[in-house]
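Remarks on the structure that follows.
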Amino acid sequence: MSDSLDEALLRGLVPGVLGVLVRRGADFAAAEDAVQEALVEAVRSWPADPPLDPRGWLVTVAWRRFLDATRSDAARRRREDVVDVEPEPGPVPDVDDSLHLYFLCAHPSLSPSSAVALTLRAVGGLTTRQIAAAYLVPEATMAQRISRAKRTVAGVRLDQPGDVGTVLRVLYLVFNEGYSGDVDLVAEAIRLTRQLAAVMDHPEVAGLLALMLLHSARRPARTAPDGSLVPLASQDRTRWDTAAIAEGVQILQTALSRDRLGEYQAQAAIAALHADARTAEETDWVQIVEWYDELVRLTGSPVVRLNRAVAVGEADGPHAGLAALAELDPSLPRYAAVSAHLHERAGQLSTAARFYAEAAVKATDLAERDHLTRQAARLNTSSGG
Amino acid sequence: MAKYLLLKHYRGAPAAVNDVRMDQWTPEEVTAHIQYMNDFAAKLEESGEYVDGQALAPDGMWVRFDGEGRPPVTDGPFAETKDLIAGYMIIDVDGPERAIELAGELSAAPGAGGKPLHEWLEVRPLYGEPPLISE
């Protein structure tokens, strides 16, 4: 999009505009297409001719596009009836519209990848091309994924919010599993979660927002100039984004004070304890283990137990960590990596090297594989092997 | 969301159940096989899971660096014993279960006698991006 256009501001208007069209009687899929066309038009014409009322402009143009599309449609007669009887709406707060859109786009009938794609387009206002590029698939494939998703939720009424957990899981996926392309999905996930927090007063929404802020704060320090991963303990903490940390901690404290703990708040609490430590050595691992105990209680997740074993290894020593690890299933992802780390801390270097090599084979991304391979190589060469 | 490579082999894979060389099929069986492959790709495009696919010519060679200022060394065509890739398809799916389901479907492409090939396909995950949250 153009430099002279505030893209985030423009896209922040999308859920409200879409809500107006749906409330006027447009079906969701057609309304969403019309809003996309209006966005394209806005990007083209606003830099030279900025509207006084951007939202009103978008509603007007999107509605016109919807009417054009409806009139040229084969089933135009029936739909024109709907259009004709629909009055021009007065100023209605669009808070509920935004909220319903989040729920619709994360509907449980959608697969995770479909929910992510639909959320980025209908709530986020990204183009199909941008979403396709962000997930490294052809534009035609992404277009099909989005239109299928729209068909899947076609019968879902917009007035029934569901489980907020489904929405949060989709936003978490956007944050955690995108590629690093032209569209910054991390920033986009934060923007969408912030927008959700503005219309939904819920401690877990706040918890997820805090979690995202605290982790994105470390982003500048987590990769070396050559692109290799820098583990938390070795990161240059002066490069962490202190403003994001301060905001994350403040949001988290407010959420925790409501005494309705959930998994995102607990994860954010762990991230906040890391953020608190000026050096890796100052990390309050005892408290981190306590938060992991809470997380285990909340989720029962084996992956959480695995991460807990790492924290136990730091709080009570590597042998305690290995004992915690021994209770877990060795087929867990990253089990070998954790085992390698704990064995190294316990001074069992050749065992550690073996586990690092095994972990490298099982890694699911290249940066992790290369990191683990270097760890194995470091131990193998330093022990003269 | 994960990408997988489905690899089809000319040779080197374990023998298919319906193991008859393609030049021994009837022309109609060849046509039906190609139609199945095209339909499969089209179906994946329609489901929003298709990333890429190409067929590879069997005629190839080995190439390696032979030192500064010297042309690369070539060796080929391939020996008859070499494992030979016939083509690939890359899919973007929600998880390994779906990748296996689709590979199974692709392996059912019709061969001699119009019966499914039951050929062995290699399924390989592509590396993703490192997750931001790993602790």
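Only the coordinates and a few stated rules stand behind these numbers; no lab work does. Owing to the predicted nature of the structure, the values given are computational and were not obtained by experimental measurement. Reconstructed Cβ throughout: ideal geometry from the backbone, glycine too, with neighbour counts over all protein chains shown.
Data table
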{"read-out": "Residue order, fewest to most surrounding Cβ atoms within 10 angstrom, among B:Ser107, A:Ser257, A:Ser114", "value": "A:Ser257, B:Ser107, A:Ser114"}
{"read-out": "Residue-by-residue Karplus 3J(HN,Hα) for region A:359-364, coefficients 6.51, -1.76, 1.60, Hz, glycine and proline x", "value": "5, 4, 5, 8, 4, 9"}
{"read-out": "Cα centre as origin, Lys/Arg/Asp/Glu Cβ charges: region B:56-135 dipole, Debye", "value": "300"}
{"read-out": "Protection proxy ranking, peptides A:235-243, A:48-56, A:369-377, B:120-128, average beta carbon neighbours within 10 Å, highest first", "value": "A:369-377, B:120-128, A:235-243, A:48-56"}
{"read-out": "Burial order of peptide ranges B:27-35, A:291-299 (average beta-carbon count within 10 Å, highest first)", "value": "A:291-299, B:27-35"}
{"read-out": "Principal-axis tilt of helix A:185-199 within chain A, Cα atoms, nearest 10 degrees", "value": "60"}
{"read-out": "Nearest-0.05 FRET efficiency for B:Thr31 and B:Leu84, computed from C-beta distance (R0 25 Å)", "value": "0.60"}
{"read-out": "Hydrodynamic radius of region A:95-220 per Kirkwood, over alpha carbon pairs, in Å", "value": "14.6"}
{"read-out": "Positive dipole terminus of the protein assembly as shown, leading residue within A:Ala326, A:Ser111, A:His202 (C-beta point charges)", "value": "A:Ala326"}
{"read-out": "Percentage relative contact order, chain B, counting C-alpha pairs under 8 Å, at least six apart", "value": "48"}
{"read-out": "Separation in nanometres of the label points that stand 7 Å from Cα toward Cβ, at A:Leu67 and A:Asp27", "value": "2.1"}
{"read-out": "Ranked A:Met212, B:Met61, B:Met89, B:Met37, criterion: other C-beta atoms within 10 Å, fewest first", "value": "B:Met61, B:Met37, B:Met89, A:Met212"}
{"read-out": "FRET efficiency for B:Glu105 and B:Tyr127, using Cβ-Cβ distance with R0 set to 30 Å, rounded to 0.05", "value": "0.75"}
{"read-out": "Taking the C-alpha atoms of region B:2-125, convex hull volume expressed per residue in Å³", "value": "134"}
{"read-out": "With Cα atoms, 0 to 90° folded angle of helix A:76-85 axis to chain A main axis", "value": "80"}
{"read-out": "Zone of A:Ala280's modelled label, taken as backbone nitrogen in region A:214-255 under 12 Å from a point 7 Å along Cα→Cβ", "value": "A:230-237"}
{"read-out": "Crossing angle, helix A:242-256 versus chain A [Cα axis fit, 0-90 degrees, rounded to tens]", "value": "80"}
{"read-out": "P(r) weight above 13 Å for region A:313-374, C-alpha pairs, percent", "value": "58"}
{"read-out": "Alpha-carbon Debye profile of chain A, log10 I(q)/I(0) at 0.10, 0.12, 0.13 Å⁻¹", "value": "-0.74, -0.99, -1.11"}
{"read-out": "Sum of -39500 (n - 2.57) over DSSP H runs of 4+, divided by residues of chain A (222 nm, nearest 500)", "value": "-20500 deg cm²/dmol"}
{"read-out": "Cβ-Cβ FRET estimate between A:Ser234 and A:Glu139, R0 fixed at 35 Å, reported to 0.05", "value": "0.35"}
{"read-out": "Relative contact order (%) - criterion: Cα under 8 Å, at least six apart; region: chain A", "value": "10"}
{"read-out": "Set B:Lys8/B:Lys115; B:Lys3/B:Lys43; A:Lys150/B:Lys43; B:Lys43/B:Lys82; B:Lys3/B:Lys82; A:Lys362/B:Lys8 screened for pairs whose C-alpha atoms are more than 21 Å apart", "value": "B:Lys43/B:Lys82; B:Lys3/B:Lys82; A:Lys362/B:Lys8"}
